[in-house]
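This report concerns only the one structure given below.
The values are calculated or read from the model by the stated rules, or taken from the named source; none is laboratory data. For clarity, every value in this text was computed on a predicted model and none was experimentally measured. Cβ coordinates were reconstructed from backbone atoms using ideal geometry, including for glycine residues, and neighbour counts include every protein chain displayed.
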Amino acid sequence: MRISFRSLSVVFFLSLFFLSTSSFAAEKRQFVETVQFQNGQSAEITVVAFDNEEASSKVALQRAFSAMTRLDTELGEYENNTLWKLNHAGKKTSVSLSPEAFSLLKQAVNLSKVTDGWFDIAAPSAYSAFSQRDYRRIKLNENTSSLSFTKSKMKLDLSWILKAGMVDAAIASLQQSGFANAQVEYAGVSRHIGNDIYTPWSITLGQGKEKEFAYHANQYKLSSAAVTHIDQANAGNLIDAKNKKVVVPQIKNAFVIANSAVNATAFAVAAYSLEPLTSIRYINKHPAVHGFVTDLEGNLLTSESFAEKIKKQLYTENK
């Protein structure tokens, strides 16, 4: 059989063409979606995938937002939802929870124990000299997936932990959909898994206008880590878990990095409620979290573990 040189040239050209087009189709890119919730706040989810995975990426993004919306609908500050029922429930009145909501509130109560009550979802509850109304008066029933209070006049504040739970839920949904490179950002809380297109994810921490803070007003690389940033603009009316009064800010910024958004947020809320030096000492007592705060004059205080992370320039938090 005779094969002409011209035929070989055509075959070679076509091979190069298909190789180049297939490699082009296999390029990685970002798929980004933004959704606004009932409370007016918006979340942004970014997935990094190959160009030919656009359809599956969009489906995964919608599933992730659905996971966030379910939690927000159940535990957000909306009339007649589950949170409303909890905050209007009497002593020993059980309120049923979805599996997702039960899991989040169980984590929150456990974190209240770990933080020795400096983070406490029962912070708005009435103060009593005879019987403190705090997380210890919350009863979770695993068998019925329900919550009740052992004291009257109990209320929950889920404003920050709910955002964190929604972020973690979105990440879990994306992982279940098979995506390993993504980030979720929502109202001061973010979580990052895997990498961006070519490099680790990065976030900008700081406001370089303060002299003492300027050196740290740059980007930090993140892989498999969550970050919570609380400042005077987004703190809201945080209640001091100890004295039941609205927190009077002594800190301008509090940044906490941990392995999950829920963990980062619990410690950020606790840190923001304290004065700067006490806040950093508090974070230093918990090596699983890292962070820094700036006082009202803009002076920077970093935790010991955060200083070590700066040297490595990569934040990876393993569960």
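What to note about this one:
- The lone exception for Ala126 - which of (1) buried (at least 22 other Cβ atoms within 10 Å of the Cβ); (2) modelled with pLDDT under 95; (3) not in a helix (DSSP H, G or I) it fails: (1)
- Each residue in segment 241-263 was checked for being closer than 23 Å to Val184 by Cα and out of contact with any Phe, Trp or Tyr (no Cβ under 9 Å at 6 or more places or on another chain), and 4 pass.
- Test: His286 is in a loop (DSSP other than H, G, I, E, B) and modelled with pLDDT of 90 or more: yes
- Ile257 being surrounded by 16 or more Cβ atoms within 10 Å (Cβ to Cβ), farther than 15 Å from Asp116 by Cα and not aromatic (Phe, Trp, Tyr): yes
- Residue within segment 166-189 that is crowded, with 18+ Cβ neighbours inside 10 Å, charged (D, E, K, R) and over 19 Å from Ser98 (Cα atoms) present: yes
- Segment 129-147 - residue that is among the hydroxyl-bearing types (Ser, Thr, Tyr) and under 26 Å from the mean Cα position of the chain (by Cα) and, of those, surrounded by the most Cβ atoms within 10 Å (Cβ to Cβ): Tyr135
- Strands (runs of 3 or more DSSP E) within segment 142-214 that include 1 or more residues modelled with pLDDT of 95 or more: 146-149, 182-186, 189-193
Listed here are the residues, each with its yes/no results for (1) free of Cβ contacts under 8 Å to residues at least 12 places away in the same chain; (2) touching a Lys or Arg at 6+ places or on another chain (Cβ under 7 Å); (3) of a type in the set (A, V, I, L, M).
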position: Lys106; (1), (2), (3): no, no, no
position: Ala122; (1), (2), (3): no, yes, yes
position: Arg137; (1), (2), (3): no, yes, no
position: Met166; (1), (2), (3): no, no, yes
position: Leu174; (1), (2), (3): no, no, yes
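- Within segment 70-106, being in a loop (DSSP other than H, G, I, E, B) and among the acidic types (Asp, Glu) holds for Glu77, Glu79.
- Filter result for Phe37 (surrounded by 14 or more Cβ atoms within 10 Å (Cβ to Cβ), more than 28 Å from Val269 (Cα to Cα), under 23 Å from the mean Cα position of the chain (by Cα) and without any contact (Cβ under 8 Å) to a residue 60 or more places away in the chain): no
- Answer residue from segment 293-307, given it is surrounded by 15 or more Cβ atoms within 10 Å (Cβ to Cβ) and part of a helix (DSSP H, G or I) and is nearest to the chain's Cα centre (by Cα) among those: Phe306
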